[in-house]
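Q: To start, I am sharing the structure in question, which I have written as structure tokens.
The values are calculated or read from the model by the stated rules, or taken from the named source; none is laboratory data. Every value quoted in this text rests on a predicted model; they were computed, and no experiment measured them. A quick note on method: Cβ atoms are made from the backbone with ideal geometry, for glycine too, and the neighbour counts reach across all protein chains shown. For accessibility, only protein heavy atoms count, side chains too; no ligands or nucleic acids. Shrake-Rupley method; radii C 1.70, N 1.55, O 1.52, S 1.80 Å.
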Amino acid sequence: MGNVSNSDFPVSVSSLHFPSTEQLSVSQTLASLRRSALSVNNRLRSIEADAAFVREVADHYALPLVANERCGSWYIPPEIKTGSAYFKSTDGHTGQWDFSFRRLNLQILPIAREHGGCIIVDSTRRGKLMPDALSKTIPIWCAVFNRALFPSETAYHSVELPPNYLGASEESQIEERIDGFVHSLKSLKLDLNDLRQQLGKPIRIAWANRTYFHPTDLLKGKDYNLFVLCSASKRVHGAEISEGGYIQGAGDDSEAWAHGLTPPVFWAHKPTLLTRAEEDLPEVIEKLTQEHRQQSSSRQATLIAPTRNLYISQAHPSLVDCGLYDLVIDCNGKAETAEENQKHLSLGCTPSKQGGRDLRNHLDKVRTFVSSQLGSDSSKSLLVMCESGKDLSAGTLLSILCLFYNDAGEFVGPRPDQSISKQFIRQRLAWIVSSKHDVNPSRSTLQSVNAFLMQRPDY
């Protein structure tokens, strides 16, 4: 053994080193292992594997891919992504079953008509076969549109639900709500004949997931549009550490793990991202996303039909500087402190969720600005923008539409005797949602608008 001195060994129990304060508890160790299993590397590799399944589904049905945002876009390379949908799982939660008038998803009607249907891609986290958006929200939506647009095609009026998935009581309660949703949809005064032309045929539903395709023999046909509801991820019953790094629903809740990475940047730089060490990824992602923002720095505003002069967009300096818009309202821009710009109104709302509550305090300024500027020349164009282009800007435009525009989308000036009800507000919101399909005003934003419009002081 060689010469070993007694001093190389502890001579008493008290001299032994037990790093108890440095050792992790069992729960801490498990949490550390779970965080390691949920690494960004594992998420991106799981997304890549799930995207391969989505391609197989697309090949099987010969239908275009539509992402149910935000999660669905992770599983579809941009070059084969035909569109986006915005169906929320919360609208399908047990007891809540709802048809959302903030998310009409009219943009997928012409896609379905052109291709005979579409595949709507989503995913859900560990333990579930599919998200509630695919099992309930979209089936409710399809039944509502089938009844509203094709009243004589009664064979398509029942709610199609996944096999042996919901209880009979829940299925019955969902069915009972459909006629009420149809009535509410009709009350929006949308052009149903135009929507019928856009869709062309009633909708049938199929489901595609890693457990089954159902119905197994259903493909697109001449009498209906086929909507395939595809859950991309493999169902995982146990913990992630038991799956060799695979994560079910890896694209979900990306704000919490992606370090700012977005699906377009991921797909554009997938080989680079999948070969980098975990500790290097935050820096690599920041560099790639910054380059992407610079390359796509231009923004485009959306006209709100049937008006001919109201526009909505995500805030960007190029839109203010381009000279295309006579008037601009920036919901998050710093409020004017010096000489006020007569053509530009900044509200100074905070960009967080608090911004929806802030908006209530600024809508009076919006009313005064629009009344003075468009009142003198109603042909002027007005751009309303906010940080996301989906929330505060939509709420601000909603107020403007309710206060100043008639049913034909024409500016008619303030009408202090006009009765503004929740139904009237909902009709005007439908104009915005139909024009820009990704708008999603928060509950607090809509509450601010309702409170202002329904309790507004006299002019």
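Q: What about Leu303, is it surrounded by fewer than 18 Cβ atoms within 10 Å (Cβ to Cβ) and touching a strand residue (DSSP E or B) at 6+ places or on another chain (Cβ under 7 Å)?
A: Spelling it out, Leu303 is indeed surrounded by fewer than 18 Cβ atoms within 10 Å (Cβ to Cβ) and touching a strand residue (DSSP E or B) at 6+ places or on another chain (Cβ under 7 Å).
Q: Looking for something without any contact (Cβ under 8 Å) to a residue 40 or more places away in the chain and under 23 Å from the mean Cα position of the chain (by Cα) - is there at least one such residue anywhere in region 226-243?
A: Checked against the condition, which is being without any contact (Cβ under 8 Å) to a residue 40 or more places away in the chain and under 23 Å from the mean Cα position of the chain (by Cα), region 226-243 yields no hits at all.
Q: Applying the selection to region 204-214, what residues are aliphatic (A, V, I, L, M) and in a loop (DSSP other than H, G, I, E, B)?
A: Our first condition is that a residue be aliphatic (A, V, I, L, M); within region 204-214, this holds for 205-206, 208.
None; the set is empty.
Q: Given the conditions (1) among the aliphatic types (A, V, I, L, M); (2) more than 24 Å from the chain's Cα centre (by Cα); (3) part of a strand (DSSP E or B), report the number of the one that Ile312 does not fulfil.
A: For Ile312, the exception is condition (2).
Q: Any chance you could count how many residues in region 37-84 are open to solvent by 60 Å² or more (accessible area, probe 1.4 Å) and either more than 17 Å from Ala256 (Cβ to Cβ) or not assigned by the TED database to the domain that holds Ile205 (or both)?
A: 11
Q: Any residue at all in region 241-249 that is outside the structural domain of Thr82 (by the TED database), surrounded by 15 or more Cβ atoms within 10 Å (Cβ to Cβ) and of a type outside the set (D, E, K, R)?
A: The answer is no; no qualifying residue exists.
Q: So Trp141 fits all but one of (1) buried (at least 19 other Cβ atoms within 10 Å of the Cβ); (2) more than 18 Å from the chain's Cα centre (by Cα); what number is the exception?
A: (2)
Q: Count, please, the residues in region 179-196 that happen to be touching a residue at least 40 places away in the same chain (Cβ under 8 Å) and at negative phi.
A: Summing the residues that are touching a residue at least 40 places away in the same chain (Cβ under 8 Å) and at negative phi in region 179-196 gives 9.
Q: Quick one: which residue in Thr29, Thr94, Thr21 is modelled with pLDDT of 85 or more and open to solvent by 20 Å² or more (accessible area, probe 1.4 Å)?
A: Among Thr29, Thr94, Thr21, only Thr94 is modelled with pLDDT of 85 or more and open to solvent by 20 Å² or more (accessible area, probe 1.4 Å).
Q: Look at Lys128 and say whether it is at pLDDT below 95 and surrounded by 17 or more Cβ atoms within 10 Å (Cβ to Cβ).
A: Yes; evaluated as a whole, the condition is true for this residue.
Q: Can I ask one more? Looking at region 257-280, which of its residues are aliphatic (A, V, I, L, M) and either farther than 15 Å from Ser46 by Cβ or not in a helix (DSSP H, G or I) (or both)?
A: If the condition is that a residue be aliphatic (A, V, I, L, M) and either farther than 15 Å from Ser46 by Cβ or not in a helix (DSSP H, G or I) (or both), then Ala258, Leu261, Val265, Ala268, Ala277 are the ones that fit.
Q: Which fully enclosed helices (runs of 4 or more DSSP H) of region 369-459 have 2 or more residues being surrounded by fewer than 21 Cβ atoms within 10 Å (Cβ to Cβ) and either modelled with pLDDT under 95 or out of contact with any Ser or Thr (no Cβ under 9 Å at 6 or more places or on another chain) (or both)?
A: 422-435, 443-454
Q: Also: For region 373-406, what are the residues that are within 16 Å of Lys436 (Cα to Cα) and among the polar types (S, T, N, Q)?
A: Ser388, Ser393, Thr396
Q: Follow-up. Would you call Asp217 acidic (Asp, Glu) and outside any loop (DSSP other than H, G, I, E, B)?
A: No; evaluated as a whole, the condition is false for this residue.
Q: Of all residues in region 196-217, which are open to solvent by less than 10 Å² (accessible area, probe 1.4 Å) and either more than 18 Å from Val121 (Cβ to Cβ) or hydroxyl-bearing (Ser, Thr, Tyr) (or both)?
A: Leu199, Pro202
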